[in-house]
1. Enumerate by residue number the trypsin sites (Lys or Arg not before Pro) in the range 135-206 meeting two conditions: DSSP loop (anything except H, G, I, E, B), and at most 15 other Cβ atoms within 10 Å of the site's Cβ.
2. With a ≥ b ≥ c the root eigenvalues of the C-alpha gyration tensor of the range 512-606, is it rounded (a/c under 1.5), prolate (a/b larger than b/c) or oblate?
3. In the range 395-438, what percent of the accessible surface is made up of carbon and sulfur (1.4 Å probe, ligands and nucleic acids excluded)?
4. Which residue, chosen from Ile437, Gly387, Asn448, occupies the Cα position most advanced towards the positive end of the dipole of the range 387-467, where the dipole is computed from +1 (Lys, Arg) and -1 (Asp, Glu) charges on Cβ about the Cα centre?
5. Keeping the other protein chains in place, figure out the carbon and sulfur percent of the accessible area of the range 579-680, with a 1.4 Å probe.
6. Which aspartates and glutamates have a Cα less than 12 Å from the Cα of Lys185, not counting those fewer than 8 places away in the same chain?
7. How far, in nm, would the chain grow between Glu653 and Gln203 when pulled straight, counting 0.36 nm per residue and subtracting the alpha carbon separation?
8. For Glu253 and Phe641, FRET efficiency with R0 = 45 Å and r from the beta-carbon atoms, rounded to 0.05?
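The values are calculated or read from the model by the stated rules, or taken from the named source; none is laboratory data. Keep in mind that what you see is a predicted model, and the values were worked out from it rather than measured. All Cβ positions, even for glycine, are placed from backbone atoms using ideal geometry, and neighbour counts span all protein chains on display. Areas reflect the complete protein model, heavy atoms only, side chains present, ligands, DNA and RNA absent. Shrake-Rupley method; radii C 1.70, N 1.55, O 1.52, S 1.80 Å.
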Amino acid sequence: MLTICDLKSNVMLKQPDFFKLVEGFDTFEGVSFVGSFKIIEQELLPRFNQINLILGMEDQKTGKNLNQLLNVSNKVQQLLSVSSDFLERIEDQTLQLKFTKDELFHSKYFIVEKDTDFIIFNGSMNLTQKALKHNHEMLWMYYGKKNNIQDLKIYEEHQKLFKKNFEEDSVDYLDRKIINNLYGKTKKQITAIIADEVVDKVQQNIVEVNPEDIIKVTKDAQRKEQTYELHPEIVQKVAKELFTEKGNKRRNEAKVREEIKQIIYQDFDDSSQNRVIKASELYPKLIWAYQDNEIITEDSNTNLFHTLNTNLDLVTKDDVRTFIRIIESFRLNKVKDESHQALSAFIYLMTAPMIWKIREIYRKSNFSKSADQIPLSMVLIGRGTTGKTLLVRDYFKKFIGDTSHSIQYTEINDGNASRTDKAVRFLDNYLNSARFISPMIVDELNSNFLHSKVALNAIKQWSNTIKGIHNINIFAMNHNAGSKEINNLEEITKRVYYLSFEAPWLPTNQQEINYNILINDNNDHIYRYVVSELNKRLINLTGEEEAKLIDDYLSLTKDILTKLIQKYGYYDRLKDLLGSNYDYKIDRNRITWKMLILDDHYEHIAFTDGDDKYFHVSKAIFNDFKANGYENINQTLDNYFNMFPREAGIAIEQYGNGMRLDIDKFDKFIGEPLIRNHYKKIHKAETQQDDMKEFLKIQAQQTQMMQETMKKLAEQKEEKKKGLFTRLFKH
């Protein structure tokens, strides 16, 4: 039962709601023992803009403070349990957690404040649920005003005390500099980071450790009945590795680090701990691994592993025809052609098992591209029933020989909440297996995933740091018109391959290709052959192939696929699509420019007299953008000019008041004769007038010719008459 004595009002408050008393205040500081981070996350983070706490300072038994320092496994468990917001608050220092670095202190006090007011609490209460709701606890409370001289004196003295405790007597519970390295990490990786931090704190004397305390902690291991209360067995083991029997630091720092990590890993192996990710059984049943330059596959019938050996005879003409028809169905069965996206998606899928090896080649190559420019994830973005789920569920899984059920995002994240921690850990666990190369295919990805700081940090970390053998992720994501914009920042688009599927399907009776037949005929023959050939080519890469691969990481896959479909006479059906990879940014830019022109109703489009090749876009077309947050119209002009691929030759020049663009190349980029039709429309009257002039000219010429002909006929007739009279008079 909590009791608070209000010193100002001389009132004893029995069983008060502590957090109601501090409503409206924005800063919370104090000293307490916190058993878990739940109360900080659930009660303090939502209420206070700034939180400064010193933790775990009970001194009932010698060495209690060592639990905070040496219990690495406990700290790892705490960090795995908190949200990304908790870590972000530590990172931006609006949540600062510390513990004692030398002498213990038993005091428990809290200071809450805002601009003009403050409250000081002092007494026996810790920041725990038991203390707040169940224990017999006593606090005194002083509510004061900062503009009151008497109140200000009390406030300043407590602030002075807390400042000393916080800045001089305490050390960071967790160095905020390493927070960014924790996002998306596995338990084992976080353990290594925290273990290194503990060793650093001891070796660099950041935390003062009394040798006598160490001796008591390590020798106390014989007192089984008190061991866990004072210091868990894990603390004793870590202490023994860090210090000698006399309490002095061990000299072999590198050995100490590795031994501590092994101790913590073994501690996590305790069967009493729930250390297995729930969704782990959802991994693809058919597992592809890699070892000694060979792809290792599991036989689904015998569950035995063997080397993947294939040859061209594996793939039949029917296999290739089915593949071609799948791609063509995204053109012939839809209201808009999206076959380029579909083919690019399949090519990435066929490259997926070898992407880790291509990244290795990038690292070792003398060319100037880095491995993080190869995306480790592919996201199929759709609006409703546009084909994304059809691809990942009915085509992709059968195409790679995966007979397991389609994994949903809610399964790997235990729900569709905005928090992405569990999903990231699940994916990270698979990515860091160091042997699996099967792609992880996940349907119905939450649209918030690519905006979550935890997920984004994980994506960047995977791309920048993972080396050696690893798999990739393939997601299907629904993106409705009202959803948050797709994260299109360069740091993400080079690591995540976006493919957009927006066009709806035609009515079934208008679709030329029966997709049910395609699903039935689809198999993994092409996939097994292409991946096997890709592995062989990558092992014995020529200089020319390396140059092409650095320029386009999908080039070898396309080359192998091209030769395969050429063999059966289907190359012409895909040749226009194989020349380039689908580019989401270009696709978005295409739509952006089209909507800009249409929304403007061509008001700021102009042509030069006598020039039917180029047109001009006035800078004034962006005037209304200011109302939408675009303040710098020149920057907007630059951005729109740079949306055009340079190699396409669309953007001719940019000048102060606008830009000059190629009409037909612009229309080719847009995908329809937008500007050419407008040019014809506004020149229609002029053309008609010219046609009329030409018609009248021809008509005048014809009239003149007619007149001349009539004149000649008349002259001939007159000549004939003269000839008759001449003959008569001669006789």
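1. Working: sites: Lys145, Lys146, Lys153, Lys160, Lys163, Lys164, Arg176, Lys177, Lys185, Lys187, Lys188, Lys201; in loops: Lys146, Lys185.
Qualifying residues, ordered by number: Lys146.
2. Working: a/c = 3.08, a/b = 1.60, b/c = 1.93.
Since a/c reaches 1.5 but b/c is at least a/b, the shape of the range 512-606 is classed as oblate.
3. Details: 780 of 1640 Å².
Here carbon and sulfur together make up 48 percent of the probe-accessible area.
4. Projecting each Cα onto the dipole axis, the largest value belongs to Ile437.
5. Working: 2540 of 5670 Å².
The value for the range 579-680 is 45 percent carbon and sulfur by accessible area.
6. Asp421, Asp428
7. Roughly 155.8 nm would be gained on extension.
8. Values: r = 56 Å, r/R0 = 1.25.
In this case the efficiency is close to 0.20.
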